[in-house]
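Structure, as C-alpha cells:
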Amino acid sequence: MSDFQLTRTLDEHAAETALRADVQHGLTASPKVLPPKWFYDARGSELFEEITRLPEYYPTRAEREILLARAQEIAAASGARTLVELGSGSSEKTRHLIEAMPALDTYVPVDVSQSALEGAAGVLLAEHPGLRVHALVADFTKALHLPESPGPRLVVFLGGTIGNLLPPERALFLASVRAMLSPGDALLMGTDLVKDEAVLVAAYDDAQGVTAEFNKNVLTVINRELDADFHTDDFAHVAVWNREQEWIEMRLRARSELMVKVRALDLVVSFKAGEEILTEVSAKFRQEGVRRELADAGLGLTQWWTDADGRFALSLSVADGEVGWAGTPARSEETGTDSTATAA
C-alpha cells in the first residue's frame, strides 16, 4: 500500500488508562454511569453490526438511503479534495461518497482501532488506486491535528454518533471540528430525528434481545480488562425515552441487591435492587436545533437531506457560515411535493 500512511496520536496504553478512569469515576458516581464507547470490543462490534440489520433499527438503513441518493450532490456541494472521516471504522458507508468524488486526492480516516484503519485502507486502495490514505489512530473527541492535504476539506461524522454526546460535549466537539477547517471547508453530519416514541424505544430494545446483549457487553469488557465479577444475568436492559431532553437512555438495572468487585481498581461496588447504570444517551434532533448548535460553533447550515420517511438527516454546513451550493429539492413521484431534500 504505497499510498497508505498511518499516524498514531494515541499512546498504546491510552485505552487501558481511559477505561480504568471511566470505570473508577462512573461506578462511584451517583447515579452510576459508563461511557458507550466501551461497548465496542470485537464482540460488541459484531453485535452492533447485527443490530444494524434488525427490522426495528432504522438509522443505518435511513442514512444509507440518503448517501446513495445524494452522494453526487454532496460531492458537488463540497468540492472536496480531502475527505476526513471521524470514527471511520470499516469506512463502508463512506465508499458511496468516495465513488462520487473523482477529484478526491486524500482520504483521512480517524479511529481508535489501527486494525480497522488498515483493513479499510486496503479495500479502498484496491478500489481506487490513485487515492492517498493517511489514517490517524486518534480519539476524535479530542483536538486533532490533520495531516497536510489539498483543500477544500469535507469532514464527515456519520451514524448519528453526535447524539451520544451531551449538549456541553457536543458544543466542545463541534468547536473542535470548526478549528480543523479553513473558510469554505465543510462538515457532513448524520443526525437521528425526533419521532414517535414507540419507534424510538423499539430501535433500542429489539424483540430478539440483540441490543440487550450489546448493552450488557460493557460489563463483559470490564470483567475481562479489569478483573471484575459482574454477572450479566444480574442486570436487565432498559431503554426509555426522555421526553424533556428528547433523547433515548440505555441503562442496566440491577435485578436485586448485589455487590461487584473490580479487582484491578481495588474497588467494591454495591447496588441496591433496581439501581441503574446509565450506559448510553442517544439524542434525537430537529432541524432548527441542529442549525443553532452548528451556528454556535461557527458553522453555517447550507443543506439538509432526509430519507423518504423523514427519520434521519444528513446536514452540510460550511465553516464561517459561507453559503455553499444549495442543491435542488427532490420531487416525490406520487405527490409532486418536495420529499427528501430541503434547502436550508
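Quick notes on this one:
- Candidate lysines - alpha carbon under 20 Å from Lys261, same-chain residues fewer than 8 apart omitted: Lys32, Lys216, Lys272
- Percent accessible area from carbon and sulfur atoms, segment 59-217, protein chains only, probe 1.4 Å: 55 percent
- Taking the C-alpha atoms only, the angle from helix 14-28 to the longest principal axis of the chain is near 50 degrees.
- For segment 132-141, putting each phi into the Karplus relation 6.51 cos²θ - 1.76 cosθ + 1.60 with θ = phi - 60° gives couplings of 9, 10, 10, 8, 10, 7, 7, 8, 5, 7 Hz, in residue order, rounded to whole numbers and with x for Gly and Pro.
- Local electrostatic count, Pro109, Cβ distance below 14 Å [Lys/Arg +1, Asp/Glu -1]: -1
- Rounded Å value of the spacing that divides the Cα centres of segment 106-181 and segment 269-302: 20 Å
- Estimated inter-spin distance, Lys142 and Ala29, nm [label 7 Å along Cα→Cβ]: 1.9 nm
- Within the same chain, lysines fewer than 8 places from Lys142 are excluded, and of the rest, those with a Cα less than 19 Å from its Cα are Lys37.
- Taking segment 77-109 and a reference point 7 angstrom along Cα→Cβ of Ser182, the backbone N atoms nearer than 13 Å belong to 80-82.
- Considering helices alone, the calculated mean residue ellipticity of the chain at 222 nm is -10500 deg cm²/dmol, with DSSP H runs of length four and up weighted by -39500 (n - 2.57) and normalised per residue.
- Taking all protein chains into account, the per residue accessible area for the chain stands at 46 Å² (1.4 Å probe).
- Applying 0.36 nm per residue to the separation of Leu68 and Glu49 and subtracting their alpha-carbon distance, the gain on full extension is 4.9 nm.
- Within the listed set Ala239, Ala228, Ala126, the Gaussian network model of the chain (springs between alpha-carbon atoms below 10 Å) gives the highest mean-square fluctuation for Ala126.
- Between the helical axis of 42-52 and the longest alpha-carbon principal axis of the chain there is an angle of about 60 degrees.
- Along each principal axis, Cα extent of segment 1-84, largest first, Å: 49, 40, 24
- Remark: the Asp234-Leu165 segment gains 22.1 nm on full extension, using 0.36 nm per residue and subtracting the alpha carbon distance.
- Two-site label geometry, Ala18 and Gln5: point separation in nm, points 7 Å out along Cα→Cβ: 2.4 nm
- FRET efficiency, Ala273 to Gln114 (Cβ-Cβ, R0 45 Å, nearest 0.05): 0.60
- With both labels modelled 7 Å from their Cα along Cα-to-Cβ, the Met259 to Arg81 distance reads 6.5 nm.
- Rounded to the nearest 10 degrees, the inclination of helix 114-127 to the longest alpha-carbon principal axis of the chain is 30 degrees.
The values are calculated or read from the model by the stated rules, or taken from the named source; none is laboratory data. Here the structure is a predicted model, which is why all the values come from computation and not from measurement. Positions of Cβ are backbone-derived with ideal geometry, glycine not excepted, and every protein chain shown enters the neighbour counts. In case anyone asks, the SASA skips ligands and DNA or RNA and just uses the protein heavy atoms, side chains included. Shrake-Rupley method; radii C 1.70, N 1.55, O 1.52, S 1.80 Å.
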